[in-house]
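Each value in this text was obtained by applying a stated rule to the coordinates, not by laboratory testing. Fair warning: this is a prediction, and the values are worked out from it, not measured in the lab. So basically every Cβ, Gly included, is an ideal-geometry build from the backbone, and we count neighbours across all protein chains shown.
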Amino acid sequence: MNLNDIKLQTPLAPAIFSDIAKSAAEDISQNKEQNKSTQIRKFYDELAMWDEKIHRAADRKAEYDKSAPFIQMLKAKAAYASGRKSGGKTLLDEHFVAILNRLIDQIDSPQTLRHAKLFFEAMLGYRKASETK
């Protein structure tokens, strides 16, 4: 997958939540020993929490500005998880970390945060669908 295909600025590519998210899901599904659903879900849940907190605020821009450093911290958390080993394998592989970093790097407003959350959600949906096949 080409990480440059993941663009969260408007106008969004028509395939951002379909073909591009599916390609990302295929990338993070390559390694069955890493990128377990529970690990990935932790990152989605935190991103969704920030999105909800900001979108519920009366002044979304001010709330985003206060929250931005903590959203950026997701990159550090992913780096930590990719360095941790369980059973001789790291918890997250470079594919997931690269995709997450690409998403986080583009978040610069409440709107791009929402787009990142929706992309992550679509990617998880495609990943889950491929697990059941």
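Against the 2.2 N^0.38 Å scaling, with N counting residues, where does the chain land? I'd like the Cα-based Rg ratio to two decimal places. Present the calculation step by step, with values, prior to reporting the outcome.
Details: Rg = 14.6 Å, N = 133, 2.2 N^0.38 = 14.1 Å.
So the chain has a normalised radius of gyration of 1.03.
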Only Lys, Arg (+1) and Asp, Glu (-1) charged, at Cβ; region 60-127 dipole about Cα centre in debye: 200
Rounded FRET efficiency, nearest 0.05, which uses the C-beta distance separating residue 37 from residue 15 and R0 of 22 Å: 0.35
Paramagnetic reach from residue 72 in region 1-38 [backbone N under 20 Å; point 7 Å along Cα→Cβ]: 8-9
Charged-residue dipole, Cβ positions (Lys, Arg, Asp, Glu), the chain about Cα centre, Debye nearest 20: 380
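Taking loop as defined by DSSP and a crowding limit of 13 other beta carbons within 10 Å, which trypsin sites (Lys or Arg not before Pro) in region 84-118 fit? The partial results should precede the final answer.
Working: sites: 84, 85, 89, 102, 114, 117; in loops: 84.
Loop-located and lightly packed - 84.
How large is the Rg to Rh ratio of region 67-133 when both quantities use alpha carbon positions and Rh follows Kirkwood? Show your work: numbers first, answer last.
Values: Rg = 13.4 Å, Rh = 13.1 Å.
Here the Rg-to-Rh quotient is 1.02.
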Relative contact order (percent, whole number), region 1-103, Cα cutoff 8 Å, 6+ residue spacing: 33
Span from the region 73-133 Cα centroid across to the region 34-50 one, whole angstrom: 7
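Quick one: compute the contact order of region 81-133, relative version, from alpha carbon pairs under 8 angstrom and 6+ residues apart, as a percent. Numbers along the way, then the final one.
Numbers: 20 pairs, mean separation 9.2, N = 53.
Answer for region 81-133 is 17 percent.
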Debye, to nearest 20: dipole size of region 5-64, +1 on Lys, Arg Cβ, -1 on Asp, Glu Cβ: 120
